[in-house]
Amino acid sequence: MTRLMYYEWYKAFGGFKWLIIVVILIIKAVFTYQSLDVSVDFSIPIYREYISELSEMSQSKAEKFILSENERINSVLGGYTEMESAYSSGKLSLEEYKAYIKIYHDAKSKASAFNAVYQKHEQLSMLSNENRIYFYDLEWYTFGEYMGLDFFAIFLIMIFTVPIFCREHSLNTHHLNMVCKNGRTKLHITKLMLGFISGLVLGLLAYSIDFAIFGLRYGFEYSDMPIQAVMGYSHNADNVSVLGMFAAMSVSKVLWCGCLALMICGICALLRNNIISVIMCAALLFFPMQVLKLNENSPSWLYSISILSGLSGSKENIDILTPLINTAIWIVINLLVTATVYTKRRE
Amino acid sequence: MELKFINLSKCYGKKQALIDFSATMNEGVYALLGPNGAGKSTLMNCLSDLIEPTSGKILFDGKSIKAMGADFRSIYGFMPQSYGLYPSFRAIDTLRYFARLKGIENSEKKITQLLETVNLTDSANKRVKGFSGGMKRRLGIAIALLNDPKVLVLDEPTAGLDPKERIRLRNLISEVSFDRVVIFATHIVSDVEAIAGNTILLQNGRVLKSTDTCSLIESIEGKVWEAKVRNADEAILENSFRISNITKVSDGAIIRIVSDSKPYENAVSISPSLEDVYLYYFDEAASKND
C-alpha cells in the first residue's frame, strides 16, 4: 500500500503542483503579517505602560492602584466644567488653570487605555488568585482574533482533495483502475488515507504559518501566562497557558481539517465530478451555519457537527473530542461509500 | 481453462443491450463483430465487473467471477474502447503504477519487456501528455498485459493505429493467445480474419452466429458473386443487392455481390471473405428488423 500511496501522492502533489501550495502559503503569510497588526481604539503605549506598572505590583497593591487611578481620571475629567467656570470667574489663577489643563489632557489621553485596563482588571477579578496576572496581552489577543476561519486552509484542502477521487473520472482512467486486482477497495482506502493525511498536513502548514509569522513579528513573550488573563478568554475553564491554548486550538483545527478532507473524499467518491463535488462540499460546509444564523433555536448538535464551526475561532474550552468524533463518523461514511460505489453502483 | 457465459442479459431501463448471451471460451482468440450498439462493449463491461448484468452469470473454470472478485481481476487484463491515462506520468511510471494496482512485485523486467513489445522503449521516459492516440493505445495494451492475464479483453485494440502498428499488434495478440482466452471487439474485419480463430456476430444484443472463423466464411460459400456490368445496370444492382465492392473499368464496372441467388446473367461465384460475411449477416438482420 505504501508504493500505491506514493503514486497517489504523486498524482495529487507531483509535477509542479506543490508550487501552488507554496504560492498560496506565501499569500497567506503576507495576509497573516498584515492581519497581525495590533489594532485597538486606545493608545497601545499607554496601555503597555499601565500593564507594565501593574505587573510589578502585588495583587492588593494593583487593585488599589486601579481604583485610585480610576477615581483620579474620573475626577479630573469630570471637573472640567467646574474648573473652567472657576477660571472665568477669577477664582482660579492662570497658573493654576494651566496646571489643571495639563493634568486634564494627561487624564484624557490615558482614559481610553485605562478603560481597557479597568475592564481587564474586572475580568481578572473573576479569576482565581493564581490566574490574576497582568501582562501585555494585546499581541496574543490580536492573534486569537486572527485565528478565526482560515479560508486559505479550506481552499488548499479543497483544491488538493477534490481531485483525489474525481481525477480518475475526469481523465477517464477509472475503468482501467477498477479491473486491477487492487483497483477497488485497496485503492479507495489508499485514496482516503491520502485525503485525510493531506487535510492534516495542509491544515498544519496553514496554522504553522500563523505561528511562525506571529513568532517572527512579536516573539512568544508571556506565552507561559494563563490564558484566562488574555483579553476575552476569561470564560475559559482549561488550566492552560497562552501558548498551550493556541497550540491546542491549532491541533483541534488541524483535526477539523482532516475531517474536512474526509468529507470531501466521501462526496467526491459518490459524485465523481470536480465541480459538482465542490458545490456540494461548500453547501455541506456552510448550510449548518446558515441554519444556525437564521434560527437561534436550532439544535446545538448542528453546531457541533459543523466543520465550519470547528474551523472558526473559539475562545471557549479546548475541544479535541468533537473533531475526533466527526473524523470517525466520516471514516464510517466513507467506508459505506466505498462499499456502495464498488458493489452496487459500479456504473 | 474455460470461460463460460450463461444466459447473460443486461437491460438499461427498457433497452435490452445484451440478450441471453451464452458462450463457452477456451484458449484462443475470440472476435466480437457487430455494428455500433450490438452489445459488444456491454458484454466486455459485464466481464470486467464494471456493470452488473441484469441476469445470467459468468464462470471462470467453474467459479463465478463475481464471487472470485480480486482473484479474477488478478488474472484479467482489459483495455477499454476509450480510456485516459495520467498526463503527468511518464510511460514507465504509468506501467509501474498499474503494476502496483495489479499487485505485481518486481515488475521492472516485465515493464522493460512490455515497452519493447509495444514499441515504446524510446518513449519510456516521456510524459504521456505528449503521446499520440496510437501511442496511448499501445500503452493501454501494455497495461492490459502487465499481469500476464489468463483472460485478455481488448475493446477496439487497433483503432487509431497506423497499418504497420496494426499488423504488429495483431501479431502480438496472436502470440499471446496460445495459453489464454483473448476476446477482442472490432469493426475492422481484416483484423478478425487475420487472427481470430472464433468469431461471434452480435446484433442488437443477440448472437447472430458464433462459430470458428473459417466455418463462418464457409457458411456463405456460393453466395458471393462477381460480375462485369454495364454502367446502366450498375445502379439497378446497387439498389437490389448487397454490394461489397465496385471497381470501375472503362466500359462499366466489376461488382462484388453478396446474394443467395445468381444476381446477374454473367455473374460467377467466387470465394467469400469475412467482409462478405459481415455484409451477408448484418444486412440480413437489419432487413429482418426493418
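Quick check on packing: order A:140-152, A:184-196, A:230-242 by the mean number of other C-beta atoms within 10 Å, highest mean leading.
Descending packing order for the listed peptides: A:184-196, A:140-152, A:230-242.
Semi-axes of the equivalent ellipsoid of the range A:138-290: what are they in whole Å, largest first, if each equals the square root of 5 times a C-alpha gyration tensor eigenvalue?
Its equivalent ellipsoid spans semi-axes of 38, 15, 13 Å.
Could you provide, to the nearest whole Å², the per residue accessible area of the range A:80-133 with probe 1.4 Å?
Working: 3430 Å² over 54 residues.
Accessible surface, normalised per residue, equals 63 Å².
Which of B:TYR280, B:TYR76, B:TYR12 ends up with the largest GNM mean-square fluctuation for chain B, with Cα atoms connected below 10 Å?
B:TYR12
In the range B:107-239, carbon and sulfur make up what percent of the accessible area (probe 1.4 Å)?
Here carbon and sulfur together make up 47 percent of the probe-accessible area.
Straight-line reach from A:LYS120: which lysines fall under 18 Å, measuring Cα to Cα and dropping same-chain residues less than 8 apart?
Leaving aside lysines fewer than 8 places away in the same chain, those within reach of A:LYS120 are A:LYS61, A:LYS64, A:LYS110, A:LYS315.
Just the number please: accessible area per residue for the range B:46-160, 1.4 Å probe, all protein chains included, in Å².
Spelled out: the 1.4 Å probe surface of the range B:46-160, per residue, equals 39 Å².
Accessible area lost on pairing B with A, both sides, 1.4 Å probe, Å² to nearest 100?
2700
What is the gain in length, in nm to one decimal, between A:SER109 and A:ASN129 on full extension, counting 0.36 nm per residue of separation less the C-alpha to C-alpha distance?
4.1 nm
So which lysines pass the test for B:LYS223, namely a Cα distance under 20 Å, with those fewer than 8 places away in the same chain ruled out?
B:LYS209, B:LYS262, B:LYS288
Excluding A:GLU168 itself, calculate the net charge of residues whose Cβ lies under 13 Å from the Cβ of A:GLU168, where each Lys or Arg counts +1 and each Asp or Glu counts -1.
Residues close to A:GLU168 contribute a combined charge of +4.
Residues of the range B:202-290: accessible area per residue at 1.4 Å, in Å²?
Details: 4840 Å² over 89 residues.
That works out to 54 Å² for each residue.
Among A:166-172, B:258-264, what's the highest-first ranking by average C-beta atoms within 10 angstrom per residue?
My ranking of the peptides, most packed first, is A:166-172, B:258-264.
Roughly what angle does helix A:2-13 make with the longest principal axis of chain A, taking Cα atoms, 0 to 90 degrees, to the nearest 10?
With both axes taken from Cα atoms, the answer is about 60 degrees.
Where in the range A:1-19 does accessible area fall by at least 20 Å² between the isolated chain and the complete protein assembly, at a 1.4 Å probe radius?
A:ARG3, A:LEU4, A:TYR7, A:TYR10, A:LYS11
What residues in the range A:167-188 lose 50 Å² or more of accessible surface when the other protein chains are added to their chain alone (1.4 Å probe)?
Correct list: A:LEU171, A:ASN172, A:HIS175, A:LEU176, A:VAL179, A:CYS180, A:LYS181, A:ARG184.
Carbon and sulfur atoms: what percent of the 1.4 Å accessible area of the range A:93-214 do they account for?
Ligands and nucleic acids excluded, carbon and sulfur reach 62 percent.
Over all alpha-carbon pairs in chain B, figure out the percentage whose distance exceeds 36 Å.
When every Cα pair of chain B is considered, 26 percent fall beyond 36 Å.
Leaving out same-chain residues fewer than 8 places away, which aspartates and glutamates sit with a Cα under 15 Å from that of B:LYS4?
Cα-Cα hits under 15 Å: B:ASP20, B:GLU27, B:ASP49, B:ASP61.
With contacts defined as alpha carbon pairs under 8 Å and 6 or more residues apart, what's the relative contact order of chain A in percent?
22
Need one value for B:98-109: mean number of C-beta atoms belonging to other chains within 10 Å of its residues' C-beta atoms.
Working: counts 6, 2, 14, 14, 5, 6, 3, 1, 0, 0, 0, 0.
That works out to 4 on average.
Just need the relative contact order of chain B here, percent rounded to a whole number, with Cα pairs under 8 Å and 6+ apart. Don't skip to the end; give the middle numbers.
Working: 534 pairs, mean separation 59.5, N = 290.
Once normalised by length, the contact order is 21 percent.
Starting from the coordinates of the alpha-carbon atoms of chain A, obtain the Kirkwood hydrodynamic radius over all distinct pairs and give the value in Å to one decimal.
Taking every pair of different Cα atoms in chain A, averaging 1/r and inverting gives 23.8 Å.
Go ahead and run the numbers for FRET between B:LYS228 and A:ILE279, Cβ-Cβ distance against an R0 of 51 Å, rounding to 0.05.
The calculated FRET efficiency here is 0.15.
The values are calculated or read from the model by the stated rules, or taken from the named source; none is laboratory data. Predicted model, so just to flag it, every value in this text is computed and none were measured. Glycine also receives a Cβ, built like all others from the backbone with ideal geometry; neighbour counts cover every protein chain displayed. Calculation scope for accessible area: heavy atoms of the full protein, side chains included, ligands and nucleic acids excluded. Shrake-Rupley method; radii C 1.70, N 1.55, O 1.52, S 1.80 Å.
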